[in-house]
Amino acid sequence: MNLETKELTVDPRQWVSKYADYLYNYALTRLNDEDIARDLVQDTFLAALEKIQSFKGESSERTWLTAILKYKVIDIYRKKSATILLKPDVTQAEKEQDNFFNTEDGHWNAEHRPILLGVEDNDPLHNKELAHILQLCMHKLPALWLSVFTMKHVDGENTEMICTSLKLSTSNYWVIIHRAKLNLRACLQRNWS
């Protein structure tokens with residue numbers, strides 16, 4: 001693809017007006033930090049300008065910019081997780097799981113059985129309120145737990161990619177995801193009526 005064609009395909013002068021809000025919301029939902037989200041959008045545009053010659057036009061500009069931003073978000077996750085000394089106790093997590101589940105049949109123990117959250121109905125207002133409370137609960141999680149949970153359940157990344165990106169063992173990953181889910185469930189049950 002020659003430069004003339006590329007100029008017609010990629011127009012950096014339009015990036016801010018076309019994609020800044022989308023990219024900002026993408027970063028904000030994953031990091032819950034407005035300043036970092038703004039910085040990452042700017043970093044994304046700079047990185048894209050530096051790599052503009054590598055854009056082959058096989059995807060849209062928005063997809064290409066989102067991919068760049070995604071790796072910047074993962075870098076933030078990695079930095080946050082590197083600052084946390086994590087030694088998850090797999091045995092402790094298994095004991096916690098035993099408290100929640102019957103070891104014979106695998107079903108919830110009565111005292112820990114999840115309550116219905118009311119999302120079974122299709123009321124958009126309730127769903128919007130639940131999404132807001134879920135975001136608040138997610139951001140109460142430790143940074144590494146939030147990173148792992150977001151990569152798995154928001155971005156849909158596979159376990160291997162998450163472990164590689166955040167330098168986690170598989171057992172650490174499963175302990176973190178288990179504890180994150182239990183904490184989120186408890187937080188939702190406390191705050192959602």
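The values are calculated or read from the model by the stated rules, or taken from the named source; none is laboratory data. Here the structure is a predicted model, which is why all the values come from computation and not from measurement. Cβ: placed from backbone, ideal geometry, glycine included. Neighbour counts: every protein chain shown.
What to note about this one:
For every residue, the table says whether it meets (1) crowded, with 17+ Cβ neighbours inside 10 Å; (2) in the same structural domain as A67 (by TED's automatic domain parsing); (3) closer than 19 Å to N25 by Cβ.
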position: K128; (1), (2), (3): no, no, yes
position: L136; (1), (2), (3): no, no, yes
position: P142; (1), (2), (3): no, no, no
position: H153; (1), (2), (3): no, no, yes
position: E160; (1), (2), (3): no, no, no
position: K167; (1), (2), (3): no, no, no
position: N172; (1), (2), (3): yes, no, no
position: L184; (1), (2), (3): yes, no, no
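- The residue that is modelled with the lowest pLDDT, among those in the stretch 26-56 that are β-branched (V, I, T) and either in contact with an Asp or Glu (Cβ under 6 Å, 6 or more places away or on another chain) or under 13 Å from V73 (Cβ atoms) (or both), is T29.
- Considering the stretch 81-182, the qualifying helices (runs of 4 or more DSSP H), each wholly inside and each with 1 or more residues that are modelled with pLDDT of 85 or more and over 15 Å from the mean Cα position of the chain (by Cα), run over 124-138, 159-166.
- Scope the stretch 34-56; condition touching a residue at least 40 places away in the same chain (Cβ under 8 Å) and farther than 15 Å from W15 by Cα; matching residues: I36, Q53, K56
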